[in-house]
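Reading through the structure tokens given below for one structure.
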Amino acid sequence: MRRVHAIMTGTVQGVGYRFTLQHVVERAHATGWVRNLRDGSVEAEIEGEDAAVEAVLDWMREGPRGGDVTGVEVAELSPTGGTGFEVRRDG
């Protein structure tokens, strides 16, 4: 199991990034959460099998059509065994 915290920068708000990420995570059978930050970036935590997390990270680096991801900062965390995926209120 692997868990990561990620901050995505660029044109990542107002382009469906969070909701598309929710579908990507669910298809990968991973868990976690995502939210917009006040500085225009998007923050997320993703947990799952190594290959699932890597697949989600690959998508996070590209983002949805209409978006323009210029950076993804990733930090490794200890897995918690979380369940589900949540689109959280802006932080």
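Just a few scattered comments:
- Filtering the range 6-20 to residues that are touching a residue at least 40 places away in the same chain (Cβ under 8 Å), of a type outside the set (S, T, Y) and farther than 10 Å from G66 by Cβ leaves A6, I7, M8, G10, V12, R18, F19.
- Number of positions in the range 21-41 that are free of Cβ contacts under 8 Å to residues at least 24 places away in the same chain and of a type in the set (D, E): 1
- Tallying residues that are in contact with a Gly (Cβ under 6 Å, 6 or more places away or on another chain) and within 16 Å of R89 (Cα to Cα) within the range 14-43 yields 3.
- Residues satisfying the stated conditions in the range 5-23, i.e. more than 15 Å from G84 (Cα to Cα), in contact with a strand residue (DSSP E or B) (Cβ under 7 Å, 6 or more places away or on another chain) and open to solvent by less than 50 Å² (accessible area, probe 1.4 Å): H5, A6, I7, M8, G10, V12, Y17
- Of all residues in the range 76-91, those being within 17 Å of D39 (Cβ to Cβ) and touching a strand residue (DSSP E or B) at 6+ places or on another chain (Cβ under 6 Å) number 3.
- Reported count of residues in the range 24-58, each being surrounded by fewer than 19 Cβ atoms within 10 Å (Cβ to Cβ), small (G, A, S) and on the phi > 0 side of the Ramachandran plot, is 1.
- Residue in the range 59-79 that is surrounded by the most Cβ atoms within 10 Å (Cβ to Cβ), counting only those that are β-branched (V, I, T) and in contact with a Ser or Thr (Cβ under 9 Å, 6 or more places away or on another chain): V72
The values are calculated or read from the model by the stated rules, or taken from the named source; none is laboratory data. Source: prediction; values computed, not measured. Cβ: placed from backbone, ideal geometry, glycine included. Neighbour counts: every protein chain shown. Just the protein is used for accessible areas: all its heavy atoms, side chains included, with ligands, DNA and RNA removed. Shrake-Rupley method; radii C 1.70, N 1.55, O 1.52, S 1.80 Å.
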